[in-house]
1. Over all distinct alpha-carbon pairs, what is the Kirkwood Rh of region 54-101 in angstrom?
2. With respect to the cross-link table entries K4/K70; K54/K94; K54/K97, which display a Cα-Cα separation exceeding 29 Å?
3. Only Lys, Arg, Asp and Glu count, each charged at its Cβ (+1, +1, -1, -1), so figure out the dipole size of region 62-101 about its Cα centre, rounded to 20 debye.
4. First measure r as the distance between the Cβ atoms of I19 and E98, then evaluate 1/(1 + (r/R0)^6) with R0 = 30 Å and state the FRET efficiency to the nearest 0.05.
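Derivation of every value follows stated rules applied to the coordinates shown; laboratory data play no part. These numbers were taken from a predicted model, which means no experiment stands behind them. Cβ: placed from backbone, ideal geometry, glycine included. Neighbour counts: every protein chain shown.
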Amino acid sequence: MTSKLKSRLPGTSGNVQDIDAFITGAEARISPEPSPKRKTAYPWEEEGVRKDVKKLFNLRFSEPYLLKLKFISENTPNSMQMFCLNVVQDAIDKKIKELTK
């Protein structure tokens, strides 16, 4: 008797919540420990970092949230990307202020 290959994580039903929990657990294990007060520049302050260079970062939304985002873009002047970019950048700046005090 041979076992068949499965296209899901062992011990899971293969649903999205299990996969997200698996990914979150992996990210938690590889996240670096917060460093004490830095004496050198932060990565975004280093020489050669350019504000005019745009980098891609993908987000996974559940279908309801993607539809909500689409609704926002259809009922405001902002595109879906511009809305997310503004919200995320504000949240990043706020968190950086907390972490660098």
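1. Across region 54-101, the inverse of the average 1/r is 12.2 Å.
2. Over 29 Å Cα-Cα: K4/K70.
3. Here region 62-101 has a charge dipole of around 180 debye.
4. That gives a FRET efficiency of 0.50.
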